[in-house]
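Here the structure comes first, spelled out in structure tokens, and everything after it is commentary.
The values are calculated or read from the model by the stated rules, or taken from the named source; none is laboratory data. Just so you know, these numbers come straight off a predicted model, no measurement behind them. Methodologically, a virtual Cβ is constructed for each residue, glycine included, from the backbone with ideal geometry; neighbour enumeration extends over all protein chains shown.
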Amino acid sequence: MKKKVLSILLASVMMFGLAACGGEKTDDKQTDGDAQVTADGEMPTVGVLIYKYDDTYISTVRNALETALNGKAEIVMQDGKNDQATQNDQLDVMISKGVDVLCVNMVDAKAASGVVEKASAAGIPTIFFNREPDAEVVKSFDKACFIGTNAADAGKMQGDIIKDLLDAHPEYDLNGDGKIQYVMFQGEPDNPEAIARTKYSVEQAVANGLEMEQVGKTQVCNWDTETAQKAMEAMLAANEGKIELVIANNDGMAIGCVAALSNIGYNTGAEDAKFIPVIGVDATDAAKDAIQNGTMSATVIQDGEAMGKAIAAVAMNAASGADFLEGTEYTFDETGVAVRIPYAPYVGE
Ligand code: CA
């Protein structure tokens, strides 16, 4: 089958217009209780707790945050090394240093109540990001908010990509039955993000008018490339010729599926190779390369840069005593405490 790098017309990619940082400080700082006060003329100190530095997406967020705060704030940043106890210690140090605002990427979102307890006692506004605490926990502190994505959106974006793919390539319906026989690769069995991606990718494809038919059981592969490759090899051994689409919760697993396909002559990037579309989430470098090489179809990008800019703008507001979203173009969702940064489809450059 002829295969080439796909060019897909993408439906309404909605991005927030990003407001400039609300960095203008008010002259009269209004603080209540024992809130941290920044002396006029001094740059505020922004304390940033990262769940772990060794995460590609979070690195993008960090870089964007640092860039956006450059010259406007002092940044104190710590690597939680994927250990909540370590992060708790780092939180204590930041509070004792008297940072003006805390930006917290929880190691374990369930431990957020402990952060709220300490931050509220110290009167330090706290912006959770990326890893989402329970909304009730965020609401329990009037100076706390959350900036993240909406778990359902990545799946819905996959469902839109599937529709665009099939419109552009009706030949992907290999058996011509008008239905798309797909296999699903899920990150973890109980992870809300994984569950939402699995559910909404297919639901959105159906809402877009496609008939979807799952082949085999959902393959739970712990977000892992090698695990997914082995599972895909088994799926292909049992169902070769019957699979028309691979949907994966993340690019790590998508890449494993591409490897399994390549091993039996599919998705090699050669013009005459057989091809089954593979879709992931994350837009990792490996996935971008695969899309560029024509071995994978598409992924969904978490816009780390937009996330970093949003955190910076909201942090500057909080540090100056202003409302979190004052002067920005961000809005809270129905919870009243969460800002959602949209995902975007990625089909190559
Ligand atoms: Ca079919």
(message) Here is a list: Leu91, Leu174, Leu165. Which entry is in contact (Cβ under 8 Å) with a residue 40 or more places away in the chain, over 19 Å from Asp282 (Cβ atoms) and buried (at least 20 other Cβ atoms within 10 Å of the Cβ)?
(response) Leu91
(request) Taking Tyr200 as the residue in question, decide whether it is touching a residue at least 24 places away in the same chain (Cβ under 8 Å), away from the ligand (no atom under 13 Å from the Cβ) and either outside any loop (DSSP other than H, G, I, E, B) or closer than 20 Å to Ile243 by Cβ (or both). (result) yes
(message) If Gly269 satisfies all but one of (1) farther than 17 Å from Thr56 by Cβ; (2) surrounded by fewer than 19 Cβ atoms within 10 Å (Cβ to Cβ); (3) under 19 Å from the mean Cα position of the chain (by Cα); (4) touching a residue at least 24 places away in the same chain (Cβ under 8 Å), what's the number of the condition it fails?
(response) (3)
(request) State all residues of the stretch 161-178 that are assigned to a loop (DSSP other than H, G, I, E, B) and either more than 12 Å from the ligand (Cβ to nearest atom) or among the aromatic types (Phe, Trp, Tyr) (or both); if no residue qualifies, say none. (result) His169
(message) Suppose the filter is surrounded by fewer than 20 Cβ atoms within 10 Å (Cβ to Cβ), within 14 Å of the ligand (Cβ to nearest atom), at pLDDT 95 or above and at negative phi; does Asp142 pass it?
(response) no
(message) Out of the residues in the stretch 179-197 meeting the condition of being closer than 14 Å to Leu245 by Cα and of a type in the set (A, V, I, L, M, F, W, C), tell me which one is farthest from the ligand (Cβ to nearest atom).
(response) Phe185
(message) Quick check on Asp285: is it modelled with pLDDT under 95 and surrounded by fewer than 20 Cβ atoms within 10 Å (Cβ to Cβ)?
(response) yes
(message) Can you report the number of residues in the stretch 54-84 which are at negative phi, part of a loop (DSSP other than H, G, I, E, B) and modelled with pLDDT of 95 or more?
(response) 5
